[in-house]
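Bear in mind these aren't lab numbers, they're just calculated from the coordinates by the rules spelled out. Small disclaimer: the values here were computed from a predicted structure and weren't measured. Every residue, glycine among them, receives a Cβ derived from its backbone with ideal geometry; neighbour counts consider all protein chains shown.
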Amino acid sequence: MERKISKQPIGIYIHVPFCVRKCYYCDFLSAPVDERTKEQYVQAVKEEIYSYQENLKAYQIQTIYFGGGTPSLLTAAQLQEILFCILEVGEIQDPSSLEITVEVNPKTMDCKKWKVYREMGVNRISMGLQSSHDEELKLLGRVHSYDDFCRCFEEARSSGFQNISIDVMSALPNQTLEQYTETLERVCALQPEHISSYSLIIEEGTAFWEQYGPGKSLEQQLPGESLEREMYKKTKTILEEYGYRRYEISNYAKKNFESRHNTSYWIGTSYLGIGLGAASYFDKSRYENTRDLATYITHAANSEKRVVHKEVLTREDQMSEFMFLGLRCMKGISRKTFAQKFGHEVEEVYKNEIASLLEKKLLYCTEAGYALTDYGIDVSNYVFMHFV
Amino acid sequence: MIEQSKIRNFCIVAHIDHGKSTLADRIIEKTGLLTSREMQAQVLDNMELERERGITIKAQTVRIVYKAKDGEEYIFNLIDTPGHVDFNYEVSRSLAACEGAILIVDAAQGIEAQTLANCYLALDHDLEILPVINKIDLPSADPDRVKAEIEDVIGLDTEDAPLISAKMGLNIEDVLEQIVAQIPAPSGKLEEPLKALIFDSLYDAYKGVIVFCRIFDGRIRKGTKMRMIATGAEAEVVEVGTFGAGQFIPCEELTAGMVGYVTASLKNVKDTQVGDTITDAENPCVEALPGYKKVNPMVYCGLYPADGAKYPDLRDALEKLQLNDASLQFEPETSIALGFGFRCGFLGLLHLEIIQERLEREYNLDIVTTAPSVIYYVYKTDGEMVEITNPSNLPDPSEIDHMEEPIVSAEIMVTTEFVGPIMNLCQERRGVYLGMEYMETTRALLKYDLPLNEIIYDFFDALKSRSRGYASFDYEMKGYVPSELVKLDILVNKEEVDALSFIVHADTSYERGRRMCEKLKGEIPRHLFEVPIQAAIGGKVIARETVKAMRKDVLAKCYGGDISRKKKLLEKQKEGKKRMRQVGNVEIPQQAFMSVLKLDEE
């Protein structure tokens, strides 16, 4: 007899807010810290995980993702401690189908660490490269060279990792199309399973903002809109030649190597964000942890003090998120899924919006529903605005 | 009853920022009716807006008791006057209620344009003028030079002029003693029929209209059947009283020489026009006090609610403001671009700004203001003359014989080093040079005739920036002159936007059209398609700019932690879009409709 207990799928995200040095463009919650703080943090993360014991009973863990910051700055043992803690608290149906990703910085790895990662069950690696040109890496404030990266990639491969993702960046100051495509081609030559390519965003509060922000002295060095869009289009062309398919605005993968964890954000799967400033989505609510390290370390297990923001999503919120997150995926949103989730046809709820966006050729009809056209991607915020 | 010989009715006149309100505060403080704790920073300027802008908008009045060195107690009625050229008529009525005026002159800056204008106004009303040199604490103060200037330019004796610092409270008593000694006591005839001057009024939700008046002859008390001679309104007096600091103090009766208030459950300040004469309906005086005139707006613009659904709220708010401000006029109008709104008339640009701010602040309304316009006289070929306040209503050029525009005579006081730049400015604004007088070797008074429509757009700002803040300015209406005027239309994506049209002189139309297009290019957001912006006169395009199509509006990253923030950004973007005005298929932000006001900013 088959026991049928339907448990909801859930992803776990662990935020590691530490780095060797802050990159100039980075606006993530991350900073260099001492060993003692790291250890305190690891213990706090474990306490937070334990505090979810009850909540997790209704869920089945599908993916685990260590992001940052630089998660590989933790010792292998610390990472393992956290991972085991998750496995102890949560339920996993089939360990072989569990996706466990760790983001790594090339400067923080060695053969021994790779080996431990493998042994503890990490099966996906996300490497931040950003550029294959050392002068660009220097400009960005990265701590590694292109050679460092290549060595690291080889080590990962020889340690047995068969699902590796590489992050690159376009639209860097003074970057030419040739420089960027060179990076893309070098990366493709390494044959990773997955590539993310992000157009540089100058965020407030970063070192770059002071130099390249609106009205600042070096703003003119940023590529103009048309060059930026050219780089974006070139990304798809080149990566397709090498067998990668764009499955989200900035993400490309070989067949069956899409990031399952990240995809869960766009299709509305629940996730628990553990750690400093981490965001969660479960029981139709969004939560956000404190961004204050001392508060987090002291109150990790106390949701009252740890959670600084909670939002219960109304039905309208959920529908709107379904649309603007789902449309980030190239295959678009499914009419059927919408109807199943919300009991209404998507065309009923967003009649005028869909009609107008189809007419403007920002959306097109797929077999299952609707997806962004190429121009729809370029102005996707404008498209998404219709659904909020 | 108070003896008239113990009353002193006076006001304070000064150029803006020379310390009028500060001196008023000190006088009130020294006379002891208020403790220091009760003193707000500036007692008389009690509207929030006034305090922020540091100017007095509505005339206010206070009655204080001063025990002079001669041992007698005197009643001082200090009538505060508005400090801006927009409110010149109100100033003149306040002056008419007084026997004397304190003329404050800044010890460092000396005489300025409004010093002269206000001083002449006071002399016109035969007031005894008491010069006072203020701000002697400033390092740059030069009282002797300023005294000499007052003697030379105005011809007042300054030998006894008190040298004070209102800010520091220095020598205020000299001022008080001089008020007693120099300002004549009123000399009304108690037995004559009632004759009182309305110099202000305000609407109170409980008492109805509260009329501020100066009794010249006779007496008024509860039960008096009063009549306003010009408006003909009649009402029975409910209460009379005097002005405490910030409060009304009822009394038995007001008699000749006194300043006070009267209530009579009147519902509208329109019945109690400033300058009108109150008399006793049962025993009326033979003739009204001189000087009454109906104040007419000089500047018009369209006011529209940002949210069309708020139209009734805007109407209510304007009606409420009008209860207190008889010079505010409005009537409904419609615009293709802006929907339903009101064409409103104001005394000047400052008055417009004040009303707009009060609507936003006190009534919580988002307002779209169209370009201000003056009243043009349009003589049609069929002989008819129409007054145009809204450019959209201008008849077809083929029906127009000629047009006339209002001209003001302006006086600009400026230090000699800036005479050149200011003359250039006046030239650019089509000014006709009338003459220049040197005040002393370093300062000059420039006299120009200027078209009113050239000074309602950013003239003050331009004046300040081209003289590093040193120029001061005053003007009065002179009349109408024929002028070569054209209507400049703005087309956005080939559609004419009525709310952006304005009337300009033919000679400056190309330049203005070009600047307008440039300005709008910066204001109109990018659309999915290219948006041409054109300026046209009579269907002929004279300038063009293009808002390029939107190429990119995309967020590269959106993961778990970004979703809430991202959603808020989208909501904000949508909210911003909602607040724009749809013209054809183009969305125009509200501030774009005010672009015409800022054409001279470089």
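Magnitude of the Cβ-charge dipole of segment A:261-388, K/R +1 and D/E -1, about the Cα centre, nearest 20 debye?
Computed about the Cα centre, the dipole is about 260 debye.
At a 10 Å Cβ-Cβ cut-off, how would you order A:254, B:519, B:69, fewest neighbours first?
B:69, A:254, B:519
Please give the net charge around residue A:84, taking every other residue with its beta carbon less than 14 angstrom from that of residue A:84, where Lys and Arg add +1 and Asp and Glu add -1.
Once positives and negatives cancel, what remains is -2.
Report the calculated FRET efficiency for residue A:209 and residue B:551 (r = Cβ-Cβ distance, R0 = 30 Å), to the nearest 0.05.
The value I calculate is 0.85.
Go ahead and estimate [θ] at 222 nm for chain B from helices alone: -39,500 (n - 2.57) per DSSP H run with n ≥ 4, summed, over the residue count, rounded to 500.
Result for chain B: -7500 deg cm²/dmol, rounded to the nearest 500.
Sort A:298, A:63, A:206 so that the residue with the fewest other Cβ atoms within 10 Å of its own Cβ comes first and the one with the most comes last.
A:298, A:206, A:63
Other chains near B:570-580: what is the mean number of their Cβ atoms within 10 Å of each residue's Cβ?
Partner-chain Cβ atoms within 10 Å, mean over residues of B:570-580: 3.
Connecting C-alpha atoms closer than 10 Å in a GNM of chain A, tell me which of A:62, A:211, A:191 has the biggest fluctuation.
The residue that fluctuates most here is A:211.
I'd like the chymotrypsin sites (Phe, Trp or Tyr not before Pro) in segment B:475-545 restricted to DSSP loop residues with at most 14 other Cβ atoms within 10 Å, sorted by number.
B:529
Relative to the first principal axis of the alpha-carbon coordinates of chain B, what is the inclination of helix B:419-428, with its axis defined by its Cα atoms, in degrees from 0 to 90 and to the nearest 10?
Between the helix axis and the principal axis of chain B, the angle is about 50 degrees.
When a footprinting reagent is the concern and you count Cβ atoms within 10 Å, what order do B:571, A:359 take, fewest first?
Fewest to most other Cβ atoms nearby, the residues stand as A:359, B:571.
Using the Kirkwood radius over C-alpha pairs as Rh, can you work out the diffusion coefficient of segment A:331-385 via Stokes-Einstein at 37 °C, viscosity 0.692 mPa s, in µm² per second?
Rounded, D is 290 µm²/s.
Report the FRET efficiency, 1/(1 + (r/R0)^6), for residue A:158 and residue A:352, where r is their Cβ-Cβ distance and R0 is 51 Å, rounded to 0.05.
Working from the Cβ atoms, E equals 0.35.
Looking only at other chains, what is the average number of their beta-carbon atoms within 10 angstrom of each beta-carbon in A:376-382?
Per-residue shielding by partner chains comes out at 6.
Exactly which trypsin sites (Lys or Arg not before Pro) in segment B:282-323 are in a DSSP loop and have at most 16 other Cβ atoms within 10 Å?
Answer by residue number: B:293, B:294.
Would you mind pulling out the separation of the Cα centroids of segment B:499-526 and segment B:67-137, in Å?
43 Å
Taking 8 Å as the Cα distance limit and 6 or more residues as the minimum spacing, I'd like the relative contact order of segment A:331-385 as a percentage.
About 36 percent, as a whole number.
Along the charge dipole of the protein assembly as shown, pointing to its positive end and built from +1/-1 on Cβ of Lys, Arg, Asp and Glu, which listed residue (B:78, B:279, B:258) has its Cα farthest out?
Farthest towards the positive end: B:78.
Please provide three numbers in whole Å: the alpha-carbon extents of the protein assembly as shown along the principal axes, with the largest listed first.
115, 70, 61 Å, listed from the longest principal axis down.
Using only atoms on other chains, find how many Cβ atoms lie within 10 Å of each Cβ of peptide B:546-552 and report the average.
Mean partner-chain Cβ count within 10 Å for B:546-552: 4.
Under 1.5 on a/c is rounded, so check that first for segment A:141-296, then, if it is not, pick prolate when a/b is larger than b/c and oblate when it is not; a ≥ b ≥ c are the square roots of the alpha carbon gyration tensor eigenvalues.
Note, shape of segment A:141-296 comes out oblate.
Could you give the length gained by full extension between residue B:507 and residue B:191, i.e. 0.36 nm per residue of separation minus their alpha carbon distance, to one decimal place?
Net length gain for the segment: 107.5 nm.
Just grab the label-to-label distance for residue B:396 and residue A:373, each label 7 Å out from Cα along the Cβ direction, in nm (one decimal).
A separation of 4.2 nm, rounded to one decimal place.
What nm distance separates the two modelled labels at residue A:22 and residue B:424, each placed 7 Å from Cα along Cα→Cβ?
For the pair residue A:22/residue B:424, the computed spacing is 4.6 nm.
To the nearest 20 debye, what is the magnitude of the charge dipole of chain A about its Cα centre, counting +1 on the Cβ of each Lys and Arg and -1 on the Cβ of each Asp and Glu?
The calculation lands at about 780 debye.
Using a Debye calculation, one point per C-alpha and no hydration shell, please list log10 I(q)/I(0) for segment B:465-530 at q = 0.18, 0.26, 0.28, 0.29 Å⁻¹ in order.
Once normalised to I(0) and log-transformed, intensities are -0.89, -1.12, -1.18, -1.21.
In nm, give the distance between the simple-model label positions of residue A:112 and residue B:437, each being 7 Å from the Cα along the Cα-to-Cβ direction.
Using points 7 Å along Cα→Cβ, the separation is 9.6 nm.
Compute the helix-to-body angle for B:506-523: its Cα long axis versus the longest principal axis of chain B, expressed 0 to 90° and rounded to tens.
Rounded to the nearest ten degrees, it is 70.
Okay, helix-only estimate at 222 nm for chain A: each DSSP H run of n ≥ 4 adds -39500 (n - 2.57), divide by all residues, round to 500 deg cm²/dmol; what do you get?
Dividing the helical sum by the residues of chain A leaves -11500 deg cm²/dmol.
Of B:494/B:540; B:519/B:566; A:38/A:113, which pairs sit farther than 24 Å apart, going by alpha carbon to alpha carbon?
From the list (B:494/B:540; B:519/B:566; A:38/A:113), the Cα-Cα distance tops 24 Å for B:519/B:566.
Regarding segment A:267-388, what is the average projected area of its C-alpha convex hull, in nm²?
8.3 nm²
What FRET efficiency comes out for the pair residue A:318/residue B:309, r = Cβ-Cβ distance, R0 = 41 Å, nearest 0.05?
Plugging the Cβ-Cβ distance into 1/(1 + (r/R0)^6) gives 0.90.
Once the dipole of segment A:331-385 is set up with Lys and Arg at +1 and Asp and Glu at -1 on Cβ about the Cα centre, which of A:384, A:363, A:343 lies farthest towards its positive end?
Towards the positive end, the residue furthest out is A:343.
Measure nothing but the geometry: give the 0 to 90° angle between the long axis through the Cα atoms of B:311-324 and the longest principal axis through the Cα atoms of chain B, rounded to 10°.
That helix lies at roughly 20 degrees to the long axis.
Just how large is the dipole of chain B about the Cα centre, in debye to the nearest 20, putting +1 at every Lys and Arg Cβ and -1 at every Asp and Glu Cβ?
Dipole about the Cα centre, nearest 20: 2900 debye.
For segment B:196-263, which chymotrypsin sites (Phe, Trp or Tyr not before Pro) are both in a DSSP coil and crowded by at most 11 other Cβ atoms within 10 Å?
B:206
Label chain A by shape, choosing from rounded, prolate and oblate, from the square roots a ≥ b ≥ c of the eigenvalues of the Cα gyration tensor; if a/c is under 1.5 it is rounded, and otherwise prolate applies when a/b is larger than b/c, oblate when it is not.
Here chain A falls in the rounded category.
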